[in-house]
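Read-outs: derived from the displayed coordinates by stated rules, not from any lab. Keep in mind the model is a prediction, meaning the values are calculated, not measured. So basically every Cβ, Gly included, is an ideal-geometry build from the backbone, and we count neighbours across all protein chains shown.
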Ligand SMILES: [Zn+2]
């Protein structure tokens, strides 16, 4: 809309005022408080509750905003939507944060002061963990309100509420009864400082510790020492040619249980955490061992020790067995060694060994070179420090693991698959005492306290047994029934279900619920957050406060027992007894139960992608274990994270923007749109203030335009119907359809692109056409278009849309109006081609006049003859039936077709040109044109004359439109014969 700026009266947007106004109205009218309504379909949607150890920053906002958009969209689709929120206090991070404040940790204090602008007197309160939690709890809640999230706050709770603890105790007794909680010795990620297991919530950068299990193969050295090598591939011991030791590092001789081991100091420390008894005896230089040999007890033979710089003291035992036929590192290190005369001389070795092939795969068929040699050559590896070696190794290991078979002549494991051989050898050497296992962390993980984490073999630890085969089956069944968006991430879920094993579920410290049968332990944060969605339906009926004894509407947390939860959540037990035990009326008990029955299961669970391997997987497992199938969650929506100006957000980069600051600066709606518009759901979205400003300007433009066209909303109906009216109405139906289906599949970026940008293009064209005809655009078509646009935008920019909706004269909440539905009867197929034809003619004429630099005085336009249109139809039909058209074949058909053969023979290029015309159109356009019986190009061209004249810029322009068939046409240069369907010919004078 061209001249709207001048027309707009007082069109300033005061975001603060608008947000405050609508937030207050929503709250006063309890717009998002949701109770069961038996006549209405429910939609229960949740998002992972926040952990209140810092304020939310822009990066946190994406998941919550997406969930809110989803809630608002469903609400407009007539669902009774429940969107609640709680706060996760459980675990050690808040406690260790308070310890850091107590010890006056400057880094943390400065973060609070400088990034989050927290006053000093409040920071000094942070010595108490609960003060930290409740401060950030309120801070986050305030931010969520400011963002306009449509949350039912009556259901809010924290995970240290007494009622919640009762619920979690019930969950754990339930799991234990089903045999899913076991006590035993298992390796876990561990903080030696805190003496606690660690998982993603406890680590710097939220990294989940990834454990790796090595098999140690013991070689004998000088009869009295054990030299253990760590390997992931014990089946390759028959291919060992030598050992590798790093000459530049120190090793130790250590008493490990009843043996004397030679290993690195780091390895000795790791063994201690794995419960070996370890005493250091003496140190020994790596170089002292090189040139000597160890005894291989499997094959009863000596194996030489060679030097290699790739051996990492932190990895395994710091000693590596060399299998040059199947390990690219070993192969390359031998190549390097044989070239290094100094080293060979120094240690008096030759480096000559013969690689022993033991595994065959189709991927490495060569009879001459080994698998390792083949892959090292194909990756053009430089030397053993070449980073590409890692990639080559992963590839070869994976190929051999999945497709490899042991060669027939290898003792004991000949002809076995690699997988079988591995298990066989591992079991055998462990039972013979010449092998054992060792765990370490695959990734570098730091506890939030700053200590480097290790693997600890915990004894008497409580585990949730996600390795239970029957449980896994149920989890698969659940996920098979579940919708996962985007679908491409489903494989990640099945992989996690596959590999999950026992998982430590309790800690010795932190906030949370005590393990009900063993009070020394506290249930950890990734175990008490898996079925809590059910608690949203109970929380508002539970009082954690002893003083409210006499409140008849609530059940006292102290009075809750397992029978209560069994009855409400699982429908077990006698309600009379349960009511009596809980000291509540049977009516209240039934009310609570009915609320649960009405809202459960969870219809959609939103979360960031980083929670797939833990939280979301546990959510699936625990629902499968505890609830009957009709209460299993129905959908998971996973989104990527947020980058700031292309970079990961981090304290060190100083690019963490607290959410509330951003809202204050730019307004909530602009922030919401920016988070969602910059990427599709699984990609990382890139937040930038340029983008926010652009979006804000766009909203402002829409606002001004609507203010400028307020007249529209007073017009009752249009007097006459023009082509462009039919077109814009038809376009609108397509926008509604496309946007709705994009939102349904969470292609949010696409939906916003339609609403914010494509709709503007349509509006611009519509206005142009009207202006050229000297007609007003203030009509019912424009009204419907603008109203629909605001409705479509409303879930994304709720404050803005409420305000605009009101300005337009509505007294309803746009948040609650019916989502637009497209009407088939308003779709006019021809209208699209009508307007496109006008557009393309204008474009063509402008192109010609630009080149010739002439101002046209007279323009003649020729539309294609009817026989050409017949031919077009036939070719289109032919192409639609056959994806890759064969030109020769089509030609042959048409020279024998009585209807068109004369045309085709007279004009042999025509068929080729029409084929090209058709193929340059999208599939949608082709399909649409198939559905149109006939298209008279003269109608839109006549209708578009006014616009054509104004675009050419000559009021006196003479403009004529002829059909090629017209015998009386003016055609001095014989241009009409160039006309093709949808491509009229033009003659300009
Ligand atoms: Zn720690």
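A few notes on this one:
- Neighbour counts of other Cβ atoms within 10 Å put 165, 822 in the fewest-to-most order 822, 165.
- Taking the fewest neighbouring Cβ atoms within 10 Å as the starting point, the ordered list for 788, 828 is 828, 788.
- Region 582-726: mean projected area of Cα convex hull, nm²: 18.0
- Rg followed by Dmax, in Å, when region 335-482 is reduced to its Cα trace: 21.5, 67
- Using only the C-alpha atoms, the convex hull of region 368-454 corresponds to 167 Å³ per residue.
- Approximating the spin labels as points 7 Å out from Cα along Cα→Cβ, the residue 223-to-residue 932 distance works out to 9.8 nm.
- Rounded to 10°, Cα long-axis angle of helix 418-431 versus longest principal axis of the chain: 20
- Taking 0.36 nm per residue of separation and subtracting the Cα-Cα distance, full extension of the segment from residue 213 to residue 757 would add 190.5 nm.
- Distance histogram in 10 Å bins (all Cα pairs of region 460-589, percent per bin): 10, 27, 31, 23, 8, 0
- Mean-position separation - Cα centroids, region 673-703 and region 814-855, in angstrom: 27
- Region 688-808, Rg to Rh (Cα coordinates; Rh as Kirkwood inverse mean 1/r): 0.97
- Separation of region 380-414 and region 325-354, taken as the distance between their Cα centroids, equals 19 angstrom.
- Relative contact order for the chain: 14 percent, from Cα pairs under 8 Å spaced at least 6 residues apart, divided by residue count.
- Pairwise alpha-carbon distances in region 44-123 exceed 14 Å for 71% of all pairs.
- The convex hull drawn around the Cα atoms of region 403-443, when projected onto a plane and averaged over every direction, covers 3.9 nm².
- Semi-axis lengths, Å, region 20-80, gyration tensor of Cα atoms, sqrt of 5 times eigenvalues: 24, 16, 11
- One decimal place: the segment residue 923-residue 648 gains 95.0 nm when fully extended, by the rule 0.36 nm per residue minus the C-alpha distance.
- Share of pairwise Cα separations in region 526-591, more than 15 Å, in percent: 51
- Listed by Cβ neighbour count within 10 Å, with the fewest neighbours leading, 377, 863 appear as 377, 863.
- Considering all different alpha carbon pairs of region 770-905, the Kirkwood hydrodynamic radius works out to 20.7 Å.
- Sequence-distant contacts, meaning Cα pairs under 8 Å at least 6 residues apart, place the relative contact order of region 329-459 at 18 percent.
- Efficiency of FRET between residue 442 and residue 683 - r from beta-carbon atoms, R0 30 angstrom, step 0.05: 0.70
- Alpha-carbon centroid distance for the pair region 305-321 / region 223-294, whole angstrom: 9
- The angle separating the long axis of helix 798-807 from the principal Cα axis of greatest extent in the chain is about 20 degrees.
- Residue 954-residue 494 FRET efficiency (beta carbon distance; Förster radius 41 Å; 0.05 resolution): 0.05
- Mean Cα-pair separation over length for region 250-390, i.e. relative contact order, pairs under 8 Å, 6 or more apart, %: 19
- Diffusion coefficient, µm² s⁻¹, Stokes-Einstein with Kirkwood Rh over alpha-carbon pairs of the chain at 37 °C and 0.692 mPa s: 96
- Here the alpha carbons of region 183-246 define both size measures, Rg and Dmax, at 17.2, 47 Å.
- Each residue of region 63-218 gets 212 Å³ once the volume of the Cα convex hull is shared out per residue.
- Rounded to 10°, Cα long-axis angle of helix 780-793 versus longest principal axis of the chain: 10
- Considering only the chain, percent of DSSP beta bridges that pair antiparallel, nearest 5: 70
- Ellipsoid semi-axes in whole angstrom, largest first, where each is sqrt(5λ) of the Cα gyration tensor of region 266-337: 24, 15, 14
- For region 181-323, convex hull of alpha carbons as volume per residue, Å³: 148
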